[in-house]
Amino acid sequence: MSTPLCAGLGLKPEHFDQALACRLPGLWFEIHPENYLVDGGPRLAWLEAIRSEHPLSVHSVSLSLAGIEPPDQARLARLAAFVRRFQPALVSEHLAWSSWRGQYLPDLLPFPRTHEALGVVAANIDRLQNALGRVVAIENPAHYLDLPGHDWPEPEFLAELVRRTGCRLLLDLNNVRVSAHNLGTTPADYLRDFPLHAVVELHLAGYSADPRLGDALWIDSHDAPVCEDLWSLLAGLLARTGPLPTLIERDGHLPDFAELRLEAEHARSLLTVQADSAALVDA
């Protein structure tokens with residue numbers, strides 16, 4: 001019987017040897033498929049080696065599900081072939097847009113959560129899930145300004161996407177905390193109505209203050225350790241949900257693998273406490 005997914009890390013080329021050798025129970029690795037959609041070569045061989053030892057999560061960043069144009073069919077076909085080959089435990093995408101009139105913008109851009117947008121996003125999720133032949137998790141975004149024109153609060157928008165498409169959710173707690181700070185709310189406000197029953201994965205990351213605006217604007221930068229407030233937010237959430245696969249994201253100021261492993265071990269300790277508590281309740 002395979003070990004359930006516990007704490008995960010983003011897979012970085014600098015850490016290949018340590019990642020391959022690491023035996024932390026329940027450890028898994030997230031990759032962005034855009035870095036691996038090639039026909040052959042060392043990157044795919046490297047990924048095959050990792051997959052032989054650890055589960056993978058495929059986290060796409062370029063399908064533009066909130067864009068008015070459907071996802072590119074050739075891109076979907078390549079992603080579907082990649083998913084069939086590597087059989088990841090989880091597949092996810094962002095609630096954002098990044099393409100316009102054939103031009104790709106390398107960012108995750110916001111949009112008004114209107115009734116029309118809900119239909120567009122739901123249709124694009126359907127296209128993605130039909131192409132892959134599997135359920136996909138959708139990630140809540142980070143917000144840097146209070147965009148006008150919303151018909152739906154974000155938790156309700158996501159809940160309706162779940163209802164219409166059968167998708168699941170990836171709850172990024174750093175995005176929740178950064179957005180709450182920037183918009184003048186609290187994480188508790190956001191999480192109160194969040195459809196936790198649909199969450200299959202959690203993300204944690206560090207943040208940074210904007211270089212010009214300082215603490216007035218926080219950035220979901222993934223370039224620092226997870227802060228104590230976010231660990232506390234995770235512990236409180238897990239008390240409501242039970243253990244969920246939890247990723248530590250780090251993309252900038254990359255430390256040694258040993259430092260990232262310590263964060264994964266801390267996440268694992270919180271997840272194990274919840275798993276043990278659930279077992280006691282069921283006993």
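I'd like to check something: does segment 87-106 contain any residue that is more than 21 Å from Leu202 (Cβ to Cβ), among the basic types (Lys, Arg) and in a loop (DSSP other than H, G, I, E, B)? Yes - at least one qualifying residue is present in segment 87-106. Would you confirm, using the coordinates I've provided, whether Val178 is modelled with pLDDT of 95 or more, in contact with an Asp or Glu (Cβ under 7 Å, 6 or more places away or on another chain) and among the β-branched types (Val, Ile, Thr)? Spelling it out, Val178 is indeed modelled with pLDDT of 95 or more, in contact with an Asp or Glu (Cβ under 7 Å, 6 or more places away or on another chain) and among the β-branched types (Val, Ile, Thr). Pairs are defined by a Cβ separation below 8 Å, a sequence spacing of at least 6 or placement on different chains, a first member in segment 41-57 that is assigned to a helix (DSSP H, G or I), and a second member that is of a type in the set (Gly, Ala, Ser); the pairs so defined are Ile50/Ala19. So for segment 110-129 (the condition being closer than 19 Å to Phe82 by Cβ, surrounded by fewer than 18 Cβ atoms within 10 Å (Cβ to Cβ) and of a type in the set (Gly, Ala, Ser)), does at least one residue qualify? No, segment 110-129 has no match at all. Taking the listed residues Asp193, Asp189, Asp151, Asp146, the one that is in contact with a helix residue (DSSP H, G or I) (Cβ under 8 Å, 6 or more places away or on another chain) and at pLDDT below 95 is Asp146, with no other qualifying.
So which residues in segment 163-174 are buried (at least 18 other Cβ atoms within 10 Å of the Cβ) and either under 16 Å from the mean Cα position of the chain (by Cα) or in a loop (DSSP other than H, G, I, E, B) (or both)? Passing the criteria: Cys167, Arg168, Leu169, Leu170, Leu171, Asp172, Leu173, Asn174. Restricting Ala159, Ala205, Ala209 to those that are surrounded by 15 or more Cβ atoms within 10 Å (Cβ to Cβ) and more than 27 Å from His115 (Cβ to Cβ) reduces the list to Ala205.
Of the residues that make up segment 193-201, is at least one in contact (Cβ under 8 Å) with a residue 60 or more places away in the chain, more than 20 Å from His59 (Cβ to Cβ), surrounded by 18 or more Cβ atoms within 10 Å (Cβ to Cβ) and in contact with a Lys or Arg (Cβ under 9 Å, 6 or more places away or on another chain)? Looking through segment 193-201, none of the residues is in contact (Cβ under 8 Å) with a residue 60 or more places away in the chain, more than 20 Å from His59 (Cβ to Cβ), surrounded by 18 or more Cβ atoms within 10 Å (Cβ to Cβ) and in contact with a Lys or Arg (Cβ under 9 Å, 6 or more places away or on another chain).
The values are calculated or read from the model by the stated rules, or taken from the named source; none is laboratory data. Remember, predicted model here, so these are calculated numbers, not experimental data. With ideal geometry, Cβ positions are generated from the backbone for all residues, glycine too; neighbour counts draw on all protein chains shown.
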